[in-house]
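Novice: Structure in structure tokens, see below.
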Amino acid sequence: MKDLVVFGTGDIAALADFYFTHDSPRNVAAFTVDAAFINAADFMGRPVVPFEQVASLYPPDRYDMFVALSYAKLNAVRTEKAAAARALGYTLASYVSTRATTFPDLSHGDNCFILENNVIQPFASIGANVTLWSGNHIGHHSSIADNVFIASHVVVSGGVQVGPGCFIGVNATLRDHVVLGARCVLGAGALALENLPDGSVLAPRGTEISPVPSHRLRRI
């Protein structure tokens, strides 16, 4: 199994380095970002090289790549860099935590980042370049399309279809057989009970601040 070059030098790249190092057979050899964004020669004790030169320094016949970026610009930045890495000839690795609950029929694409305590039931499918942060439930016969980011403790019920490029925030719930169109955004705590067209946004309001300050509470 080839060593990895990780695209990125932010928090997600640091986490990718940790997870691949401690919970996979992979070794991380280096990091890469566009030359304009290099601000240090190393990161996490490993060299940082310009993406413009990465194929000559860490050739794709000897190294694979993982693009460790967030949901910035509704996943467009991560999608663009994954495509650029593939165009250079790199195979994009995926990470599936050994602490996730999965089954032998699990289907997922490349450049997936599936963290601990995800429960992915039988007959569910995960596309390419999908991030499932910790603690989600992906129900049976559901499909997550390419380039999706799902934050923590999201409930995706059975038979749900999540369209490409969606972002789903913490503690959101999707009722069974709901279909989300492309590039939907569901904020923290959103509840989707019906199909949503492309570009839909669910933005629940936070709990209102009580007019009674904490020092006046009688019981706590």
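Novice: State whether one or more residues within region 138-149 are at pLDDT 95 or above, over 25 Å from ALA72 (Cβ atoms), assigned to a loop (DSSP other than H, G, I, E, B) and not small (Gly, Ala, Ser).
Specialist: yes
Novice: Right, next: I'd like to check something: does region 98-105 contain any residue that is in the same structural domain as GLY163 (by TED's automatic domain parsing) and surrounded by 15 or more Cβ atoms within 10 Å (Cβ to Cβ)?
Specialist: Yes, there is a match, as at least one residue in region 98-105 is in the same structural domain as GLY163 (by TED's automatic domain parsing) and surrounded by 15 or more Cβ atoms within 10 Å (Cβ to Cβ).
Novice: Here is a follow-up. Got a sec? Which of GLY165, GLY159 is touching a helix residue (DSSP H, G or I) at 6+ places or on another chain (Cβ under 8 Å) and in a loop (DSSP other than H, G, I, E, B)?
Specialist: On the way: GLY159 fails: touching a helix residue (DSSP H, G or I) at 6+ places or on another chain (Cβ under 8 Å).
The unique qualifying residue is GLY165.
Novice: Take GLY89 and decide whether it is surrounded by fewer than 20 Cβ atoms within 10 Å (Cβ to Cβ), of a type outside the set (Lys, Arg), modelled with pLDDT of 95 or more and not assigned by TED's automatic domain parsing to the domain that holds GLY181.
Specialist: Yes.
Novice: Shifting gears a bit: Select, from SER70, SER134, the only residue that is in a loop (DSSP other than H, G, I, E, B), in contact with a Ser or Thr (Cβ under 6 Å, 6 or more places away or on another chain), under 30 Å from GLY158 (Cα atoms) and among the hydroxyl-bearing types (Ser, Thr, Tyr). Break it down stepwise before answering.
Specialist: Working: SER70 fails: in contact with a Ser or Thr (Cβ under 6 Å, 6 or more places away or on another chain).
The unique qualifying residue is SER134.
Novice: Could you say whether any residue in region 44-62 is touching a Leu at 6+ places or on another chain (Cβ under 8 Å), closer than 21 Å to ALA128 by Cβ and in a loop (DSSP other than H, G, I, E, B)? Outline the logic, then answer.
Specialist: Within region 44-62, the first condition is being touching a Leu at 6+ places or on another chain (Cβ under 8 Å), and the residues that meet it are 49, 54-55, 60.
Now restrict to residues that are closer than 21 Å to ALA128 by Cβ: 54-55, 60.
Adding the requirement that they be in a loop (DSSP other than H, G, I, E, B) leaves 60.
Yes: region 44-62 contains one or more residues that are touching a Leu at 6+ places or on another chain (Cβ under 8 Å), closer than 21 Å to ALA128 by Cβ and in a loop (DSSP other than H, G, I, E, B).
Novice: Can you go through ASN75, ASN39 and tell me which one is surrounded by 13 or more Cβ atoms within 10 Å (Cβ to Cβ), polar (S, T, N, Q) and either within 28 Å of GLY169 (Cα to Cα) or touching a Ser or Thr at 6+ places or on another chain (Cβ under 9 Å) (or both)? Outline the logic, then answer.
Specialist: On the way: ASN39 fails: surrounded by 13 or more Cβ atoms within 10 Å (Cβ to Cβ).
Within the list ASN75, ASN39, the selection yields ASN75.
Novice: Continuing with this model, one more query. Would you check if PRO122 is assigned to a strand (DSSP E or B), without any contact (Cβ under 8 Å) to a residue 24 or more places away in the chain and more than 16 Å from the chain's Cα centre (by Cα)? Break it down stepwise before answering.
Specialist: Values: assigned to a strand (DSSP E or B): no; without any contact (Cβ under 8 Å) to a residue 24 or more places away in the chain: yes; more than 16 Å from the chain's Cα centre (by Cα): yes.
Against the criterion (assigned to a strand (DSSP E or B), without any contact (Cβ under 8 Å) to a residue 24 or more places away in the chain and more than 16 Å from the chain's Cα centre (by Cα)), PRO122 does not qualify.
The values are calculated or read from the model by the stated rules, or taken from the named source; none is laboratory data. Since we're looking at a predicted model, the values are computed, not measured. Positions of Cβ are generated from backbone atoms using ideal geometry, with glycine treated the same way; all protein chains shown enter the neighbour counts.
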